[in-house]
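In what follows, a single structure is set out as structure tokens and then discussed.
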Amino acid sequence: MKRLVILLSMLLTIAQFNLYAHDFIVDGVYYEYASEFDVDGGGVRVTHAPYIDGYPDPNAYVGDIVIPEKVIYRGYEYKIVGLAQNAFYNSKVSSVEIKAPIKGVSERAFKDCSELKKVILPPTITFISSDAFRNCKSLEEVNLTDAVSNIGNAAFLNCNSLKSIYLSDKITHIINSAFWGCSSLQKIDLPTSLKELGHNAFKDCSGLTGTLTIPENLTEMFHTCFNGCSNIDVVEWNAVNCTSYGTITDGGPFTDCSKIHKVVVGDNVESLPENFGAYISNLKEVIIGKNVRKIGPHIFYGCKNLEKVYWNANHAYITGNLLDSKHFKYSSNNKIYSCPITEFNFGEGCEYIPSFICSDLDKLNTVSLYNTEIIGMAAFINCSNLIKVNIPNTVTVIGESAFKGTSISSVAVPYSVQSIGYRAFGECKKLTSVSFNAPNCTVNKPFELSDNIKTVTFGNEVKTVPDSVCAGLYNLENLTFGNIVQNIGKNAFQGCSKLEVLDLTGPILRIGEGCFRDCENINSVTVGSMVSSIGNYAFNGCNKMTELIIFAATPPIIYSKTFSSYKANLRVPLDSESAYKEALYWENFFSSGIDIVENNKESVITENGVIKVVNSKDGGSAVVYNMNGQIIFSGNCQLLEKQYFISGVYIVVIGDNKYKIVV
């Protein structure tokens, strides 16, 4: 059995290095006929020396070798048409100049030539085959010309003295291990034609310095292709649409590139591949271009020193399982941590902030927004060090849990917002005040479990207070409505148990169902003259109410459970006592007694393009200005109600009082 194994080994060796590969020798160079028809003149190839102990004789080729265009043997002229496989394998050549117009360097042609320093190739060379210069550890110079279009596997593997290499714009593929271990390479200019970078293509090229530019036509790359390039400073990524191959356990293409501190993604880039920037251990800063649309999972996983991100992508989304996203995470001792990002700047072109983009970044303290329109779900969830965010007046949607668990102390919801998701500002334990200025906004308990909110103000642009907007804020003490609020939504302030005094005067028309339900410490409520209905359960559970003042001459519609207690002292307008006595459910207050009040609260409301003044105190005259300061009406308030105003913002002046209104 042992003899059989040895025999098979010898046969395999003979198959690789044919004992009788050469046909003749000229000037110390071995040649073989290119074909059986070339015996009496024609084409020949340079071939390897006879083998010794299974390998070509390492002493057959020594020193400087020149391969001419043609040779003469026994009176016949032969053109040199190529190099055979293993032609100079493991020889002691120090330089080789090839004058013959051959088309390529064959497999293993110079493999293991440890003393080879220089190779001069003809301009006709179009390809470098696999292992062609592998382990040529002394090779310093080889001239790849513009004609070269293909470089094979491990072609220059471990050529650790090679200082430079020219890559033409005809090269489309640099495949596996092509330049692995070329540790003396100082610079590499990847051609714009390049489409593929293989496994370990430039791995451990530790001499590369400065900026590495990835060309825009690259479409495929394998993880580890630049691993261990420990002296690259900056990566400029311009590949428009590139796919990566490998998993997060393989690392990313720049793993162990310990000096990379900055990654710049160009404005023409449309997608970033999975694990694109993973495990760049000292990366500090990232800039994302404006046209990025698609981002693979874990793009900066393992970047444990990343501090600043400039996100200019207009409308990018992150693929994969967002709930398990690790794009800004790293692991240590089998635990997952967040990258120490302190600053996240969303550029002027960024309209959409992706869901979960900054989730759990517990060092993040600065977020800059400019022209953002949509803030995605959980975009900043659990950013526990984030204390302030200015939401620009371009935002229309704030997603569910967007700022949940942050440390912001105040929120100003701008005019532009149309939707706020569930607990968008929930569990913000340091949030104490809210300014709500969005007139056309739907919400879903956006502040739930932010238990320390004490003050909520609705701006002068808000006509409708959204349903459930402040439900459950049990520490809310100060509540202010703007001068055009007309509707208070369903359950808007349910459970706000620290509210004590409510002023619901002005142009308010409707108080929604369950609006102040279970606000158990309310003791005094004043309702304006224009209220027409108070929903069921609106004041149910407000059993400490001792005073209810209503300026409405006509009793508002109430329901069987609008109030759970009728012990409050009811005060109604002059000449309205009998109407309240006869109104359904209002009669329940008679046992506590009814007082008379005068309805003299001045207010300004708008309805269908008309401005109305209620209870004017200044002789019934008003002046209306547009926002350019121009007077567009001056006269009696009754005439004012006959004027039609186009949509816009106006200032109404009545005596010493000024009102900002929105038509």
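Before moving on, here are some points about what is shown:
- Considering only beta bridges that DSSP places wholly inside the stretch 20-147, some 40 percent are antiparallel.
- Averaging 1/r over each pair of different alpha-carbon atoms in the stretch 293-362 and inverting the result gives 12.5 Å, the Kirkwood hydrodynamic radius.
- Residue-normalised accessible area of the chain, expressed per residue, 1.4 Å probe, Å²: 43
- The chain: relative contact order as a whole-number percent, Cα under 8 Å and 6+ apart: 4
- Net +/- balance of residues flanking ALA154 in space, Cβ distance below 15 Å, scoring K and R +1, D and E -1: +1
- Helix 2-16 and the longest principal axis of the Cα set of the chain meet at an angle near 90°.
- Residue-span extension gain [LEU574 to SER433] - 0.36 nm each, minus C-alpha spacing: 46.9 nm
- On a per residue basis, the convex hull of the C-alpha atoms belonging to the chain measures out at 212 Å³.
- The portion of the accessible surface of the chain made up by carbon and sulfur, rounded to a whole percent, is 46 (1.4 Å probe; DNA, RNA and ligands excluded).
- Kirkwood-Stokes translational diffusion coefficient of the stretch 271-395, alpha-carbon pairs, 20 °C, 1.002 mPa s, µm²/s: 150
- Placing a label point 7 Å from the Cα of ASP64 along the Cα-to-Cβ direction, the residues of the stretch 117-150 whose backbone N falls under 12 Å of that point are 118.
- For the stretch 439-488, the direction-averaged projected area of the alpha-carbon convex hull comes to 3.2 nm².
- Antiparallel DSSP beta bridges within the chain, percent to nearest 5: 25
- Within-15-Å neighbourhood charge of SER94 [Cβ basis; K, R +1; D, E -1]: -2
- Local electrostatic count at SER410 - Lys and Arg +1, Asp and Glu -1, tallied over other residues with Cβ under 10 Å: +2
- The stretch 457-502 and the stretch 612-663: distance between their alpha carbon centers, rounded to Å: 27
- Sum of -39500 (n - 2.57) over DSSP H runs of 4+, divided by residues of the chain (222 nm, nearest 500): -1000 deg cm²/dmol
- Residue pairs, from the table LYS118/LYS195; LYS103/LYS170; LYS79/LYS103, whose Cα atoms sit over 20 Å apart: LYS118/LYS195
The values are calculated or read from the model by the stated rules, or taken from the named source; none is laboratory data. None of these values were measured; they are calculated from a predicted model. Every residue, glycine among them, receives a Cβ derived from its backbone with ideal geometry; neighbour counts consider all protein chains shown. For accessibility, only protein heavy atoms count, side chains too; no ligands or nucleic acids. Shrake-Rupley method; radii C 1.70, N 1.55, O 1.52, S 1.80 Å.
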